[in-house]
Amino acid sequence: MRIPMIAGNWKMYKTVPEAVQTAGALRNLVDANTAVDVMIAPPFTALAPVSDALRGSRVDVGAQDCFWEQEGAFTGEISAAMVVSTGCRFVIIGHSERRQFFGETDRNVNKKLVAALRSGLTPVMCIGETESQREEDQTFSVLDKQVKIGLEGLLAKDLQSLVVAYEPVWAIGTGKTATSNQAQEVHRFLRQLLAEVFDTALSQTIRILYGGSVKPQNISELMAMPDIDGALVGGASLDATTFDQIINFQ
Ligand code: PGA
């Protein structure tokens, strides 16, 4: 019912030629019959050339962020419409590195989600607790707040395409993956929360990805869990062969 999705977040890696090269290699590896939806999110500078290189393939392209205003004097920012014009269909919103290093708040995430949806982009909303929040048993309350404020004012009908990515901050880039049971516990909680806030039908169709040190070695175990619908992969998405091993996890 929910088509699994494997997404790659390239973060601040790869120049334009490097990004186009990796995208081309991935295009050759990802089979037309692959059972999962595949997306990569290169840096802004490479979005248009990578979209061109992947046109007609099974690999979609996403941006790593967008601003909420449509246009204006906002030096350095990129609007959702600009992202669409590069050929992208997706946008990652609220990644923990944006929250940690660039002051992203749940309120800003909400405004960006509204702007992305208005432009027809499919948002991948990232949420997750820090190590100290987990140690202090705040995981569920932190996620509750991130979901409720992040999606405030939106209706179930607006969110048909939404993708959620649960990324425990302590597992990102650290090599410490949440165990599949730890991840499943949170994913089940998130699905119940979406059912409470919106409706059960929506909660059953929204894909909830896991992110945080996903590798070819741990993807199968994570994907075996009933509420894990895919992965948002950082480091291991930078190499086409490694990423393809994650895509073809079965
Ligand atoms: P990682 O990053 O796979 O390198 O841990 C995941 C992410 O930040 O989305």
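Scan region 219-233 residue by residue and report those that are in a helix (DSSP H, G or I) and either surrounded by fewer than 19 Cβ atoms within 10 Å (Cβ to Cβ) or free of Cβ contacts under 8 Å to residues at least 24 places away in the same chain (or both).
Listed by number, the residues that qualify are S220, E221.
Of the residues R98, R118, only one is under 25 Å from P168 (Cα atoms) and at pLDDT 95 or above; which?
Sole residue among the options that is under 25 Å from P168 (Cα atoms) and at pLDDT 95 or above: R98.
Applying the selection to region 30-84, what residues are free of Cβ contacts under 8 Å to residues at least 24 places away in the same chain and crowded, with 21+ Cβ neighbours inside 10 Å?
none
Considering only residues that are in contact (Cβ under 8 Å) with a residue 40 or more places away in the chain, within 12 Å of the ligand (Cβ to nearest atom) and more than 23 Å from V38 (Cβ to Cβ), which ones fall in region 92-106?
Q100
Go through the residues of region 8-31 one by one and say whether even a single one is within 16 Å of V164 (Cα to Cα), within 12 Å of the chain's Cα centre (by Cα) and within 14 Å of the ligand (Cβ to nearest atom).
Within region 8-31, one or more residues are within 16 Å of V164 (Cα to Cα), within 12 Å of the chain's Cα centre (by Cα) and within 14 Å of the ligand (Cβ to nearest atom).
Given the conditions (1) more than 11 Å from D65 (Cβ to Cβ); (2) small (G, A, S); (3) not in a loop (DSSP other than H, G, I, E, B), report the number of the one that G87 does not fulfil.
G87 satisfies every listed condition except (3).
Do we have V109 as away from the ligand (no atom under 16 Å from the Cβ), on the phi < 0 side of the Ramachandran plot and either in a helix (DSSP H, G or I) or in contact with an Asp or Glu (Cβ under 7 Å, 6 or more places away or on another chain) (or both) here?
no
Could you check how many residues of region 177-218 are within 15 Å of the ligand (Cβ to nearest atom), out of contact with any strand residue (DSSP E or B) (no Cβ under 8 Å at 6 or more places or on another chain) and in contact (Cβ under 8 Å) with a residue 40 or more places away in the chain?
Total satisfying the criteria: 4.
Of all residues being among the charged types (D, E, K, R), part of a helix (DSSP H, G or I) and surrounded by fewer than 16 Cβ atoms within 10 Å (Cβ to Cβ) in region 134-157, which is farthest from the ligand (Cβ to nearest atom)? Just the residue, please.
Top of the filtered list is K157.
May I ask you to list pairs of residues, at least six apart or on different chains, whose Cβ atoms are under 9 Å apart, with the first in region 159-172 being closer than 27 Å to R89 by Cβ and in a loop (DSSP other than H, G, I, E, B) and the second being within 11 Å of the ligand (Cβ to nearest atom) and charged (D, E, K, R)?
Listed pairs, sorted by first residue: P168/K176; I172/E97.
The values are calculated or read from the model by the stated rules, or taken from the named source; none is laboratory data. As the structure is a computational prediction, the values presented were derived from the model and not from experiment. Cβ sites come from the backbone with ideal geometry, for glycine too, and all protein chains shown count toward neighbours.
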